[in-house]
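The values are calculated or read from the model by the stated rules, or taken from the named source; none is laboratory data. Worth saying up front: this structure is predicted, and the values here are computed from it rather than measured. Methodologically, a virtual Cβ is constructed for each residue, glycine included, from the backbone with ideal geometry; neighbour enumeration extends over all protein chains shown. Surface accessibility is based on the protein's heavy atoms, side chains included, excluding ligands, DNA and RNA. Shrake-Rupley method; radii C 1.70, N 1.55, O 1.52, S 1.80 Å.
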Amino acid sequence: MTNPMIGRRALLRGAGGLAAIAALPSLSACGTGTSRAASGGKGGGKTVIVRDSGGAFGEALQKAVYTPFTQETGISVQVTNLQGTQMLAQIKQGRPQFDLINNSMMDHAKFVGQGALEKLDLDRIKSLKSAKIPENQITDHSVAASFYAQCMAYRTDAFGGRKPQSWADFWDTKGFKGSRSMCNPEADLPELEFALLADGVPMDKLYPLDVDRAFKVMTRLRGDIKKFWDSGPLPGVLLSRQEVTMSTVWHGRLADLTKQGVPVAAQLNGARRQFQGFGIAKGAAHVDAAYQLMDYQLRPDVQARLAAAYPTNPSSPVAYTKLTDEVRDTLAGAPKYYDKGFDADIDWWLKNESAVTKRWLEWARG
């Protein structure tokens, strides 16, 4: 999934990336981000500028959210796809060329550390109550709108009809033969949690992560890892070409593969969830309109409409009741799957991401 999902790929890697912001040149214009606009509706000349990640996800947002929002409110939506360093530079200069930021909750937390987000007045977000968004996904500066799940994908024709049931099976290359693929930190957080689950750590006892134990477990699999993927489509390519029989993957990426007839399936036991959502840029010019768009997109019916247009998982449990069985059952957030996974501990990763990534790179070179 090309997504807000992970602004981290081009953005900050822990404190080192944030410290580099001070050295950036002026970016008082919109930088290299592309933009588009939703027009029409009731008129009135009001505007809100939102940052999202663009691509297919951006197109779905335009169709399912921005255009209907403009038609309902008369507020036009302009979009930019600025990267994190560009946004922070503009905010630091006091001239952000955007109002509402759609990004990962982890990146929002990094922005808060830089004083780059407005403190939210949650009373202005009326849909919070009806959406029943998990309390741990509502902070003083950001609110989650959706999440993506990182899980196991496998070829259904590889194991004589047997289906892997856990991360222990991912590590069992004798019982489930074939090469594996796991992610490179260029794509997402290192997958230490999966190694610990494979080694018997209960899902509710993962954090704080036992880093030494995780790397020891990963070393057992190192020789069977054919490639570390660094982009969302790559696991699907490797599975399609039968270069691997199992890979970690962003769950939403499997939809296109199954439509193409590739014999793949997901195992969502032990899936890692990472939420994304909204923050308002410090110094934003259109704060009232930003609140209105945030409030609109968090509505359960709007979250459901977006999920029907693109395989993203609503943060609102109510939204799933508004989806057809066919659509709901393709999502990792469906009630029958949700309790099989866990939320990434953002606080732990904020403190440890830089050191773990450095160690991972040394381990992978190994």
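At-a-glance table
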read-out	value
Mean residue ellipticity (222 nm) of the chain, computed from DSSP H runs ≥ 4 via -39,500 (n - 2.57), nearest 500	-9500 deg cm²/dmol
Solvent-accessible area per residue, Å², over the stretch 72-148 with all protein chains present [probe radius 1.4 Å]	38 Å²
Rh by Kirkwood over Cα pairs, then Stokes-Einstein D for the stretch 169-280 at 1.567 mPa s and 4 °C, µm²/s	86 µm²/s
From phi via Karplus (6.51, -1.76, 1.60), per-residue ³J(HN,Hα) for the stretch 264-276 in Hz, x at Gly/Pro	10, 8, 9, 10, 9, 5, x, 5, 9, 9, 10, 8, 9
Phi to ³J(HN,Hα) by Karplus 6.51 cos²θ - 1.76 cosθ + 1.60 over the stretch 292-302, Hz, x for Gly, Pro	5, 5, 4, 4, 5, 6, 7, 4, x, 5, 6
Label point distance in nm, residue 339-residue 301, each placed 7 Å from Cα along Cα→Cβ	3.1 nm
Ranking by accessible area, most exposed first, for 326, 362, 243, 191 with a 1.4 Å probe	326, 362, 243, 191
Antiparallel DSSP beta bridges within the chain, as percent of all bridges there, nearest 5	65 percent
Chain lengthening between residue 237 and residue 121 when straightened (0.36 nm per residue, less Cα-Cα)	37.3 nm
Label-point separation in nm, residue 135 to residue 324, each point 7 Å along Cα→Cβ	3.7 nm
3J(HN,Hα) from dihedral phi, the stretch 315-329, Karplus parametrisation 6.51/-1.76/1.60, rounded to Hz, x for glycine, proline	6, 7, x, 5, 4, 5, 6, 9, 9, 5, 4, 4, 6, 4, 6
Length gained when the stretch residue 226-residue 168 is fully extended (0.36 nm per residue, less Cα-Cα span)	19.1 nm
Whole-percent carbon and sulfur share, accessible surface of the chain, 1.4 Å	49 percent
Two-site FRET efficiency, residue 211 against residue 93, from Cβ-Cβ distance with R₀ of 41 Å, rounded to 0.05	0.60
Spin-label model distance (nm) - residue 348 vs residue 63, 7 Å beyond Cα toward Cβ	3.8 nm
Additional length obtainable on full extension of the chain from residue 71 to residue 156, 0.36 nm per residue less Cα span	26.1 nm
Cα pair count fraction exceeding 23 Å, expressed as % - the stretch 105-192	51 percent
Which of 214, 70, 184, positive extreme of dipole for the stretch 61-214 (C-beta unit charges)	70
The stretch 287-340 - Rg and Dmax from Cα coordinates, angstrom	12.0, 38
Computed E for residue 355/residue 203 - FRET, C-beta separation, R0 22 angstrom, nearest 0.05	0.40
